[in-house]
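Trainee: A single structure is presented below for examination.
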Amino acid sequence: MSEAFLQALERRAGHVDFWLRDDDATAPSAALDRLLGLTGAAGVPVTLAVIPKPAGQALATRLAGAAHVTVAVHGWAHANHAGPGEKAEELGTHRPLAVVVDELQRGFARLSGLLPAQFCPVLVPPWNRIAPAVTAALPGLGFTGLSVFGPEGEAPLAVVNTHVDLIDWRGTRGGREDAALFADLARAVERGGPVGLLTHHLVHDAQAWDFLDQLFALTRGHPKCHWMGLPEVLGRG
């Protein structure tokens with residue numbers, strides 16, 4: 001099932017940079033332990049998009065000493081303010097801009113204070129959606145990067161996106177099939193630039209964990225593959 005992915009790697013000139021973003025962390029859990037153990041053993045840096053409002057000292061204590069972990073700001077409360085029939089959105093135009101900006105400022109301050117050694121001033125909008133007016137305000141709040149899902153677009157700060165989502169949100173809400181994931185990875189490799197993998201440890205099933213095991217085993221030691229952390233991705237932008 002991984003043949004197309006491996007062939008895409010071979011066709012790519014030079015090495016391919018990969019990075020991993022995992023969303024919705026708030027507190028220690030068995031799933032978080034498994035993610036940190038798996039990435040640590042594989043030598044894969046991981047960026048945790050942490051929801052600031054519910055995050056507390058327990059998470060900071062769990063992540064202390066985890067040198068391969070970077071923390072980004074995942075909105076404020078991961079609360080949907082969209083209307084009926086609209087796609088879920090926290091950072092849209094449904095509330096006054098000043099209210100949204102204030103929440104993001106509080107989220108930045110909370111996580112930078114709670115996890116100073118691992119904090120990276122990057123915003124990960126809940127549901128990967130953000131209004132242009134909110135994006136425009138980010139540099140003034142201290143953010144240096146923005147990460148959503150899909151192709152990178154123009155923005156007043158660095159954009160470091162994810163491109164392959166591990167979860168089948170419209171179907172099983174567990175891990176997607178290997179063949180589909182490897183096909184997406186092959187296309188992302190062929191597109192060029194860093195390849196971002198998006199995971200959600202709290203909803204991983206056996207399929208999702210097994211795929212990560214496979215992917216890390218394939219890329220570990222592969223001469224074309226280089227896993228890097230979010231600060232390194234930003235530095236190459």
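Trainee: Quick check: is even one residue across the stretch 192-202 under 18 Å from MET1 (Cβ atoms), out of contact with any Pro (no Cβ under 6 Å at 6 or more places or on another chain), in contact (Cβ under 8 Å) with a residue 24 or more places away in the chain and not in a helix (DSSP H, G or I)?
Mentor: Scanning the stretch 192-202, I find at least one residue that is under 18 Å from MET1 (Cβ atoms), out of contact with any Pro (no Cβ under 6 Å at 6 or more places or on another chain), in contact (Cβ under 8 Å) with a residue 24 or more places away in the chain and not in a helix (DSSP H, G or I), so the answer is yes.
Trainee: Pick from ALA82, ALA66, ALA60, ALA49: which is in a loop (DSSP other than H, G, I, E, B), more than 27 Å from GLY221 (Cβ to Cβ) and touching a residue at least 12 places away in the same chain (Cβ under 8 Å)?
Mentor: Result of the check over ALA82, ALA66, ALA60, ALA49: ALA82.
Trainee: Go through PRO223, PRO156 for me and flag whichever is assigned to a loop (DSSP other than H, G, I, E, B), over 24 Å from ALA31 (Cα atoms) and either of a type in the set (Val, Ile, Thr) or in contact with a helix residue (DSSP H, G or I) (Cβ under 8 Å, 6 or more places away or on another chain) (or both).
Mentor: Being assigned to a loop (DSSP other than H, G, I, E, B), over 24 Å from ALA31 (Cα atoms) and either of a type in the set (Val, Ile, Thr) or in contact with a helix residue (DSSP H, G or I) (Cβ under 8 Å, 6 or more places away or on another chain) (or both) holds for just one of PRO223, PRO156, which is PRO156.
Trainee: Counting just the residues of the stretch 109-129 that are buried (at least 20 other Cβ atoms within 10 Å of the Cβ), of a type in the set (A, V, I, L, M) and farther than 20 Å from ALA67 by Cα, which one comes out nearest to the chain's Cα centre (by Cα)?
Mentor: Step by step, filter the stretch 109-129, then rank; the result is VAL124.
Trainee: I would also like to ask the following. For the stretch 86-108, give me each residue that is under 20 Å from the mean Cα position of the chain (by Cα), over 15 Å from ALA55 (Cα atoms) and of a type in the set (Gly, Ala, Ser).
Mentor: Result: ALA88, GLY92.
Trainee: Let me ask something else. For the stretch 178-191, name all the residues that are farther than 24 Å from ALA49 by Cα and surrounded by fewer than 20 Cβ atoms within 10 Å (Cβ to Cβ).
Mentor: ASP178, ALA179, ALA180, ALA183, ARG187, GLU190, ARG191
Trainee: A further question follows. Give the residues of the stretch 102-130 that are farther than 26 Å from GLN57 by Cβ, out of contact with any strand residue (DSSP E or B) (no Cβ under 6 Å at 6 or more places or on another chain) and not basic (Lys, Arg), sorted by residue number.
Mentor: Listed by number, the list holds a single entry, TRP127.
Trainee: Then there is this: Which count do you get for residues in the stretch 204-216 that are surrounded by fewer than 16 Cβ atoms within 10 Å (Cβ to Cβ) and over 22 Å from GLU190 (Cβ atoms)?
Mentor: Counting residues in the stretch 204-216 that are surrounded by fewer than 16 Cβ atoms within 10 Å (Cβ to Cβ) and over 22 Å from GLU190 (Cβ atoms) gives 4.
Trainee: Need the failing condition index for THR172 against (1) out of contact with any Leu (no Cβ under 6 Å at 6 or more places or on another chain); (2) among the β-branched types (Val, Ile, Thr); (3) within 19 Å of ARG21 (Cα to Cα); (4) surrounded by fewer than 21 Cβ atoms within 10 Å (Cβ to Cβ), just the number.
Mentor: (3)
A quick yes/no check of all residues on (1) aliphatic (A, V, I, L, M); (2) surrounded by fewer than 20 Cβ atoms within 10 Å (Cβ to Cβ):
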| residue | (1), (2) |
| --- | --- |
| ALA8 | yes, no |
| ARG11 | no, yes |
| ARG21 | no, no |
| LEU35 | yes, no |
| GLY65 | no, yes |
| VAL69 | yes, no |
| PRO84 | no, yes |
| LEU91 | yes, no |
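Trainee: Of the numbered conditions (1) modelled with pLDDT of 95 or more; (2) under 16 Å from the mean Cα position of the chain (by Cα), PRO151 fails exactly one; give the number of that condition.
Mentor: So PRO151 meets the others, but not (1).
The values are calculated or read from the model by the stated rules, or taken from the named source; none is laboratory data. Keep in mind it's a predicted model, so treat the numbers as computed, not measured. Quick reminder, even Gly has a Cβ in these numbers, built from the backbone with ideal geometry, and neighbours come from all protein chains shown.
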